[in-house]
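Enquirer: Following this message is one structure expressed as structure tokens.
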Amino acid sequence: MLGSALRALAVVFVATVLLPAPGSAQAQPSGRPNIIFIMSDDHAAHAISAYGSRVNKTPNIDRLAREGALLTSVFATNSICTPSRATILTGQYSHINGVTMFNRFDSRRMTVARLLQQGGYYTGMIGKWHLGSDPVGFDKWNILPGQGVYFNPVFYTATAESTYTGRYATDVITDLAIDFLEKRPRDRPFFLMMHHKAPHRPWDPDQLHGSHFAGVRIPEPVTFWDSYETRTDALHENQQRVGADLTNSDLKLAPPAGLDSAALVKWRSIKPESVSVTRNGKSVVLTGIALVRWKYQRYMQDYLATVESVDESVGRVLSFLDKAGLARNTLVIYTSDQGFFLGDHGLYDKRFMYEESIRMPFLVRWPAEIPAGTRNDAIALNIDFAPTFLDVAGLPPSPEMQGRSMRPLFRGHTPAGWRTSMYYRYYHDPGDHNTRAHYGVRTRTHKLIYFWKKNQWELFDLVNDPYELHNLYGEPGTEALTAELKTELARLKREVRDDDQLAEVQFPDGVGGPVARLRGK
């Protein structure tokens, strides 16, 4: 406990004493780059054409890769929205920053926004925050309450709340972000976190983008009909399946007339086992395989339409930078808070330690430093984002951060001693979708997953089985490999200080902002 308190005091000392105050001459060295961090919610890398998408095109997001760098192996350390956001802010694993599930983020904690603000940056947070407490460390913030909604969204600041009647959330976030850029002080570099709600469930597209995908047939993924043979009970027990778990609301089905509010809520949550559709002018009732295939199309049409709106938003931001003469010395990053299943393994959510769920898209452009068309396959994690922002800004990382600056990776260089394995842990059990708690290790070639509450393991050869269809755990001939991976898993748990007890950080009196309003999970 005393060690934790001393570490917290050290962080406060760095943030409040060693770093120059905003507006001071020392805080404004000429030429420091601006940083725009654009993050969507649940945008799978395999729904970006620069990553080889088979289902859509994203020309504006692709532009970042074409004019900058694309990283292929960036992963979330806990694939769920709120924990990933806390990790990005703190540079710490969930068990250290205290946000393992949907628990409230303690705004007294050290964050990269605090450090950048105190280091002279004009800081902004626009869009989906989703951390329970209000943002701290930002000169200007305007956020959605909790998950927010797609249409007629409410946004709130420290002093006001506004409803954007007749507007779509993606467009409002883009407008507010560009307004932040236009009204920024010209004597300070800026750091902007621009966080989209899309393409999070319920995948509500606006009319324009929805029409682009209506009637379009989306190819099914290779693993769509995965039988889960050889896998653990956890995968068999999950409740995030396209075929069985999408609801009437997800599928945008029209409710029957005459339902009162309570009955309507219940109807929307029903998982239909048959659906009546019109084909060639005739009403057809879909069941079985035909229904599953129809559900996949409805899900993906809406999901990809919301992605298209985000792609256009990225284009608007890049156009603004070009016109304002800011493009050359502005680092622009596009990512998502984690990956997402797009029918892969028959699923539609995230949480599991499978590739589609943990892989984060990461595209970055900074013409002043990053060679166009750079690609890097080194393993990077969301704990690395905060140290990266600070490195780019010319500021030291907090000693509490567990990540490492990715800046060399942007130039195509992988430093000596860079990680060759990663540690993952998911806690929410049974939680949403009945996804079982697990942790594991991923190397360049293999993955070992332990569902600790069930005492069951999965082992995958990522080279010969990239879709993770065959669990090798317990098979003859894998004993040495299994022992090696278990040793590496134990080493990583020690390295990241995960002893299965959440860290308790004590904060000195007076540190942090005012008590925040809780606005939903």
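The values are calculated or read from the model by the stated rules, or taken from the named source; none is laboratory data. None of the values given here were measured: they were computed from a predicted structure. No Cβ is skipped: glycine too gets one built from the backbone with ideal geometry, and neighbour counts run over all protein chains shown. The accessibility values were calculated without ligands, DNA or RNA, using every heavy atom of the protein model including side chains. Shrake-Rupley method; radii C 1.70, N 1.55, O 1.52, S 1.80 Å.
Enquirer: If packing is taken as the average count of other Cβ atoms within 10 Å, what order do 181-190, 425-434 fall into, highest mean first?
Expert: 425-434, 181-190
Enquirer: Short version: ³J(HN,Hα) in whole Hz for each residue of segment 427-435, in order, from phi by Karplus 6.51 cos²θ - 1.76 cosθ + 1.60 (θ = phi - 60°), x for Gly and Pro, what are they?
Expert: Calculated HN-Hα couplings, in order: 10, 6, 9, x, x, 5, 6, 6, 8 Hz.
Enquirer: Continuing with this model, one more query. Distance in nm between label sites at residue 230 and residue 175, each 7 Å beyond Cα in the beta-carbon direction?
Expert: Between residue 230 and residue 175, the label points sit 5.3 nm apart.
Enquirer: Under 5 Å between amide hydrogens, which residues at least 5 positions from residue 498 or on another chain qualify, with H placed 1.01 Å from N in the peptide plane?
Expert: HN-HN under 5 Å from residue 498: empty list.
Enquirer: Return the Rg/Rh value of the chain, two decimal places, where both radii are evaluated on C-alpha atoms and Rh is the Kirkwood radius.
Expert: Across the chain, the Cα-based Rg/Rh ratio is 0.96.
Enquirer: Provide the per-residue ³J(HN,Hα) series for segment 468-484, in order, calculated from phi with Karplus coefficients 6.51, -1.76, 1.60 and θ = phi - 60°, each as a whole number of Hz, with x at glycine and proline positions.
Expert: Computed from phi, the couplings for segment 468-484 are 6, 9, 10, 7, 8, 4, x, 6, x, x, 9, 4, 5, 4, 4, 4, 4 Hz.
Enquirer: Roll a 1.4 angstrom probe over the protein heavy atoms and tell me the percent of accessible area of the chain that is carbon or sulfur.
Expert: 53 percent
Enquirer: Add +1 for every Lys or Arg and -1 for every Asp or Glu among the other residues with Cβ under 12 Å from the Cβ of residue 328, and state the total.
Expert: Surrounding charge for residue 328 is -2.
Enquirer: Please list the non-local residues whose amide H lies under 5 Å from the amide H of residue 75, H modeled 1.01 Å from N, same-chain partners needing a gap of 5 or more.
Expert: 360, 380, 381, 382
Enquirer: Between residue 164 and residue 283, what is the FRET efficiency for a Förster distance of 60 Å, r being their Cβ-Cβ separation, to the nearest 0.05?
Expert: 0.95
Enquirer: Would you mind getting the accessible area per residue of segment 139-233, heavy atoms of the protein chains only, 1.4 Å probe, in Å²?
Expert: Per residue, segment 139-233 has an accessible area of 43 Å².
Enquirer: Given a 1.4 Å probe, how much area per residue of segment 320-371 is accessible, in Å²?
Expert: Ligands and nucleic acids excluded, the figure is 20 Å² per residue.
Enquirer: How large is ³J(HN,Hα) for each residue in segment 343-351, as worked out from phi by the Karplus curve 6.51 cos²θ - 1.76 cosθ + 1.60 (θ = phi - 60°), to whole Hz, x for Gly and Pro?
Expert: Taking θ as phi minus 60°, the curve returns x, 4, 6, x, 10, 9, 10, 8, 6 Hz for segment 343-351.
Enquirer: Additional query: Keeping all protein chains in position, work out how much accessible area residue 70 exposes to a 1.4 Å probe, and write it in Å² to the nearest 10.
Expert: Using a 1.4 Å probe on the heavy atoms, I get roughly 10 Å².
Enquirer: Please work out how much length the chain gains when fully extended from residue 368 to residue 186, using 0.36 nm per residue of separation minus the C-alpha to C-alpha distance, in nm with one decimal.
Expert: 63.6 nm
Enquirer: With the Cα gyration tensor of segment 191-242 giving a ≥ b ≥ c as the square roots of its eigenvalues, does the rule (a/c under 1.5 for rounded; else a/b larger than b/c for prolate; else oblate) give rounded, prolate or oblate?
Expert: oblate
Enquirer: Indicate the gyration tensor shape class of segment 224-284 (rounded, prolate or oblate), computed on the Cα atoms with a ≥ b ≥ c the square roots of the eigenvalues: a/c under 1.5 is rounded; otherwise a/b larger than b/c is prolate and the rest oblate.
Expert: In terms of gyration-tensor shape, oblate.
Enquirer: Then there is this: On a 22 Å Cα-Cα criterion, which of the cross-link pairs 271/454; 295/453; 454/493; 128/350; 350/453 come out too long?
Expert: 271/454; 295/453
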